[in-house]
1. Identify, from the list A:23, A:107, A:46, the residue that is under 21 Å from residue A:237 (Cα atoms), among the aromatic types (Phe, Trp, Tyr) and surrounded by 24 or more Cβ atoms within 10 Å (Cβ to Cβ).
2. In the range A:137-152, what count of residues is obtained for those that are loosely packed, with under 12 Cβ neighbours inside 10 Å and of a type in the set (A, V, I, L, M)?
3. Which ones in the range A:76-104 are facing chain B (nearest Cβ under 7 Å) and under 15 Å from residue A:48 (Cα atoms)?
4. Counting only residues that are crowded, with 23+ Cβ neighbours inside 10 Å, farther than 21 Å from residue B:160 by Cβ and out of contact with any Phe, Trp or Tyr (no Cβ under 6 Å at 6 or more places or on another chain), how many does the range B:239-279 have?
5. Output the number of residues of the range B:103-135 satisfying the condition of being surrounded by fewer than 23 Cβ atoms within 10 Å (Cβ to Cβ) and assigned to a helix (DSSP H, G or I).
6. Given the residues B:13, B:53, B:20, which is the only one that is at pLDDT 90 or above and surrounded by fewer than 24 Cβ atoms within 10 Å (Cβ to Cβ)?
7. Just the residues that are among the aromatic types (Phe, Trp, Tyr) and within 9 Å of chain B (Cβ to nearest Cβ), please, taken from the range A:244-272.
8. What are the pairs, 6+ residues apart or on separate chains, where a residue within the range B:71-92 that is more than 14 Å from chain A (Cβ to nearest Cβ) has its Cβ under 7 Å from a residue that is surrounded by 20 or more Cβ atoms within 10 Å (Cβ to Cβ) and not in a helix (DSSP H, G or I)?
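The values are calculated or read from the model by the stated rules, or taken from the named source; none is laboratory data. Not measured: the values here are computed from a predicted model. Backbone-built Cβ (ideal geometry, glycine too); neighbour counts: all protein chains shown.
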Amino acid sequence: MDPTTVMYITQGMHGLAYGMVLFLVASGLTLIFGMMGILNIAHAAFFMLAAYFAYQITIWTGNFWMALLIGPILTGILGALVERYLLRKIHSLGHVAELIVTTGVMFVILGAVKFFWGTEFLYVTPPKVLNWSANILGMTYPVYRLFVIFITAIVLAVMALILFKTRLGMVVRAAVSNPAMVNALGINVPLLFMFVFGFGSFLAGIAGVTIAPVLSVFPGLADQMGMDAFIVVVVGGLGSLAGAFLVAMVIGLISSFGVQFLSQMAPLLAFAFMAIVLVIKPMGFFGERE
Amino acid sequence: MLALLPHIVGVYFVNVFVHFAIFALYAVSFNLLLGYTGLFSFGHAMFFGVGGFATALALVHIKGLPILAALFLGFFASVVLALVLCPIMARVSGTAFAMLHLAFSMLIYTLALKLRNITNGEDGISGFPIPPLNIPGVISFDMKDSTNFYYFAMVVIGLSLWFLWFLTKTPFGQLMVSIRDNAKRVAYMGFKVPQTKALIYVISGGFAGIAGSVLALFQNVIAPDLALGPGTSFQVILITMVGGVGSFFGPIWGSAIFTILHEFTSRYIKEVEMLMGAILIVVMLYFPRGFAGVLELIRKKVFG
């Protein structure tokens, strides 16, 4: 194959991998928003924390798979605790208060991470099975990135299965579209909120652990991913999973091809995209509610 | 009291006080949107930063520009930005308003970082000349002197704050509050809601621009992360919330609290972020109406 095609395919794959991880982070964010009306500023901080868990657990156990198992669960539990003991208490005060509290949680996590691990870059080595480059159709591609795409696809499939095929998923979807009605039907909505918040943090946790070997672990990890996840959720329409998926892929490709063609102005593209979409459709592509 | 301050405390605390006053004006201009009109913005820093950058750029490129003209250019640049954005912003409210601000402020922030030949990238513009305050033939104050600059900043910020306070007491100020409480009803009563919102928006942006402009003159440096970034947008939300959204003076209290906290914490402990986060959570859990709300509560308890 000629080098141009190889470049297109490689960049496309990079974009796809980033888009998939981005969607994992964004899906938690959009589920939480759709259901509870909370724009969780701390979401990206949970993502970053999971990457640090991955680093620590890999050091303690010497096993990356252990990190992939335990890291997201810890993050999920932490998320559920934050909902139960902080957010539930101020739910009656409205959205701005919830925004401020999640901002506070973000600062605390950021400070804690710097306190325990410092500010330097930490490296997580992927497991040996995946730590090589495959030779596909005459181009080399790191297998670990293929694994990232693979694992996020599995999580996605499981999530879709739960959401669309189980009773629990049905209740969650109902609560996303009308929490008051679901409450009136006798379902314990506060418990459901705690579950969804924990589950959203769990998804961010999976994304954080999976991406740790690719991007390395440092406090600034949350910045880019947080901003991009925010854009995805807002442009896709708050609360819409389909919108989030579509936009996550677009942003993934925009950022990977943007770096290739417009290295200087690449960060601008995502924000320009967001501004244009919001000017035309203030609620995002699939958004219905304020 | 304010006039005597430089003679009581040292230069260091005079500078801390100017810093406090700048952020007080910035937060009050933000509260005009959030507290009075009920418009929540994620990107108020764009007006603050654009004001600062306009002043700095004008002083770099125009030789012999008087200080008041530089200040006015900062105000003017932010007003123009607000005028350009207001046809879009006046149509929306709630989440869409917040998100559009996030988008545009990040756009401007990234532009400021990337247009290196104009803004000098991350380093920002520094070392531009600070002209003296001249009244031709009468008197000239050297603005590099921190005591003189203190008086200058106090007059500018004081007048701005007084104007904004006066504005909230006029019928127009009542209109802002009624738009927050029930925009539909205001429209039925024959007031033009989008136009009113646009006007408030331009005023709020313009005064944030003045605050940014004074900051640029005060520090003799303006950089994207100093005045234009998402951090600055968040800072003003925190200042306003901790001080108290419900009152005009709340954000001023908030700015004082944050300045004092910053002075103490940055000297004794390293984990400023963790402390800030903890304070935010505690304030929201136990004092949701901020410091102004606490004061109100105490006044009611003590004076009946």
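1. A:23
2. Looking only at that region, the number is 1.
3. Hit for the range A:76-104 is A:103, nothing else.
4. Residues that pass the stated criteria total 2.
5. Within the range B:103-135, residues that are surrounded by fewer than 23 Cβ atoms within 10 Å (Cβ to Cβ) and assigned to a helix (DSSP H, G or I) number 13.
6. Among B:13, B:53, B:20, only B:20 is at pLDDT 90 or above and surrounded by fewer than 24 Cβ atoms within 10 Å (Cβ to Cβ).
7. A:271
8. none
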